[in-house]
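Values in this text are rule-based calculations from the coordinates and carry no lab data. Keep in mind that what you see is a predicted model, and the values were worked out from it rather than measured. All Cβ positions, glycine included, derive from the backbone under ideal geometry; neighbour counts span all protein chains shown.
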């Protein structure tokens with residue numbers, strides 16, 4: 001094990017393709033590292049330490065900010081393909097030749113494209129709260145997402161209670177517990193994202209979600225074993241999209257967590273870590 005965890009891992013930098021990527025590494029070294037790809041407008045500090053430290057018990061975990069995000073330099077790409085190309089450049093800049101990849105939401109789109117473009121680089125794939133090209137309700141932000149992101153909140157962090165969790169009492173209680181964990185790291189936190197990030201990422205999401213002919217055929221080329229995870233009531237990227245992924249990927253299994261929305265892995269962190277760790281160790 002390295003001496004670091006989610007709270008203490010220092011922010012490091014690596015230069016590649018004219019970009020200075022910010023990243024953090026921690027966990028058990030020696031096996032295939034797990035590289036995490038973040039959601040819309042998120043930074044390394046938006047990951048739940050209950051998830052990252054849980055996964056790091058058995059493997060090395062690598063968090064990073066893609067180009068133009070927070071402490072990484074460069075411009076935010078306006079396509080998923082460019083984001084995936086940047087992710088590949090970053091992974092190779094660390095001297096890695098094979099990784100497992102976890103993508104959450106927008107990061108799940110990047111993870112799909114990375115697995116498609118770099119099949120020798122990606123061993124296994126975990127797709128959380130995400131969907132396929134031209135997925136249902138993915139041509140723009142869903143009406144629910146537009147309302148949630150457009151609302152005002154007494155405390156800014158309370159946005160995530162609506163993005164990631166259902167309105168039920170149990171889910172909201174899990175959300176408040178997540179917010180406490182989310183703020184545990186107090187030193188060397190990432191700066192917030194710039195105003196350029198949201199529009200660029202929405203542009204990338206819109207291109208990915210646009211209707212096209214035979215939209216799911218590309219999934220047949222993603223041969224890596226894949227674990228698809230979501231809540232049963234995701235209003236940000238509708239849960240049906242997880243089912244579409246599982247049906248069209250050649251080697252995929254699906255887990256839907258009950259009374260859960262977009263952040264199901266944060267509502268059930270121990271359960272998710274158990275499922276993900278079992279999948280990665282197979």
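Annotations for the structure displayed:
- Quick note on segment 135-282: its Rg to Rh ratio, both from C-alpha atoms and Rh being the Kirkwood radius, is 0.98.
- Over the C-alpha atoms of segment 1-81, the Rg to Rh ratio, Rh being the Kirkwood estimate, stands at 0.98.
- Label point distance in nm, residue 177-residue 79, each placed 7 Å from Cα along Cα→Cβ: 4.3
- Ordering of 34-47, 88-101 by packing [mean C-beta count within 10 Å, highest first]: 34-47, 88-101
- Among beta bridges from DSSP that stay inside the chain, the antiparallel ones total about 35%.
- Förster-model FRET efficiency, 35 Å R0, residue 210 and residue 3, C-beta, rounded to 0.05: 0.15
- Estimated FRET transfer efficiency when R0 is 22 angstrom, pair residue 184-residue 136 (beta carbons, to 0.05): 0.05
- The shape of segment 40-99 can be summarised by an equivalent ellipsoid whose semi-axes, obtained from the alpha carbon gyration tensor, come to 22, 16, 9 Å from longest to shortest.
- Residue 152/residue 29 FRET efficiency (R0 35 Å; Cβ-Cβ; nearest 0.05): 0.20
- Computed Rg/Rh of segment 20-176, alpha carbon atoms with Kirkwood Rh: 0.97
- Cβ crowding within 10 Å averaged over residues, with 199-206, 182-189 ranked highest first: 199-206, 182-189
- With Cα atoms defining each centre, segment 112-141 and segment 13-53 are spaced 18 Å apart in the structure.
- Reduced Cα scattering model of the chain, Debye log10 I(q)/I(0), q = 0.07, 0.08 Å⁻¹: -0.21, -0.28
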